[in-house]
Amino acid sequence: MNGALKLLSTQTASNSASVSFTSGIDSTYNEYVFYFVDINPATDTQKLTFQTSTDGGSSYAVNVTSTSFRATNDEGGSGAEIIYDTGNDLANSTSFNPLSGTIGNGADECAAGELHLYLPSSTSLAKHWTSTFNLYEASSYTVHQFNSGYFNTTSAINAIQFKMGSGNFDGNIYMFGVK
């Protein structure tokens with residue numbers, strides 16, 4: 001679905017425990033795109049995670065199945081690899097799903113990326129999603145992270161929450177609808 005993007009909402013995390021979008025995810029758009037800019041955890045070596053809601057954000061625990069791989073290279077150019085990342089996989093779990101590798105919390109360490117959520121308002125299909133992130137990992141690696149999966153529900157998804165595996169974070173998150 002390569003259509004025009006319409007900015008629906010912007011949230012700025014400033015030492016925030018989580019960021020939630022509890023309105024604007026409805027049947028108006030078949031695809032929602034979230035852009036993440038300068039995501040920086042307060043606690044070193046944390047992953048940015050997310051989960052969805054079918055009750056307007058009262059709870060975030062929709063069953064999710066996902067897979068992940070990443071390409072990496074260290075600052076010295078000697079640690080290049082492409083690997084399947086089993087640490088970011090979930091199998092029909094209600095846990096928060098990782099979107100990134102372990103982001104460093106230094107002033108020059110952060111992550112940026114995007115998440116696509118498809119047909120969240122469907123009441124007959126699972127809700128698929130894909131994401132790609134680039135980050136400065138805590139161990140001085142650049143990491144290009146690729147994740148995808150689906151939320152195993154036929155209920156409409158109408159809210160989404162982002163948080164670190166532990167601790168607070170800074171950064172900007174933009175939600176777009178795709179026409």
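Observations
- Computed over neighbours whose Cβ is under 9 Å from that of N40, the net charge equals -3, Lys and Arg +1, Asp and Glu -1.
- Label-zone membership for segment 6-32, site K179, 7 angstrom Cα→C-beta point, backbone N under 17 Å: 6-9, 26-32
- Accessible carbon and sulfur surface of segment 1-140 relative to its total accessible area, %, 1.4 Å: 48
- Every pair of different Cα atoms in the chain enters the Kirkwood calculation, which places the hydrodynamic radius at 16.3 Å.
- Rounded accessible area per residue of segment 1-156, 1.4 Å, Å²: 46
- Partners for K47 among lysines (Cα-Cα distance below 17 Å; same-chain residues under 8 apart left out): K163
- Of the residues A13, G177, A111, the one whose Cα sits farthest toward the positive end of the charge dipole of the chain, with +1 on the Cβ of Lys and Arg and -1 on the Cβ of Asp and Glu, is G177.
- Only Lys, Arg, Asp and Glu carry charge here, each on its Cβ (+1 for the first two, -1 for the last two); on that basis the chain has a dipole of about 660 debye about its Cα centre.
- Length added when fully stretched, N172-N73, from 0.36 nm per residue minus Cα-Cα: 33.1 nm
- Counting only lysines at least 8 places from K6 when in the same chain, those with an alpha carbon closer than 16 Å to its own are K179.
- Placing pseudo-labels 7 Å out from each Cα toward the beta carbon at L7 and T22 gives an inter-label distance of 2.4 nm.
- Taking 15 Å as the cut-off, the amide N atoms of segment 69-84 that come nearer than this to a point 7 Å along the Cα-to-beta-carbon line of S139 belong to 70-84.
The values are calculated or read from the model by the stated rules, or taken from the named source; none is laboratory data. Nothing here was measured: the structure is a model prediction, and the numbers come from that model. Methodologically, a virtual Cβ is constructed for each residue, glycine included, from the backbone with ideal geometry; neighbour enumeration extends over all protein chains shown. We work out accessible area using only protein heavy atoms, side chains counted, and drop any ligands, DNA or RNA first. Shrake-Rupley method; radii C 1.70, N 1.55, O 1.52, S 1.80 Å.
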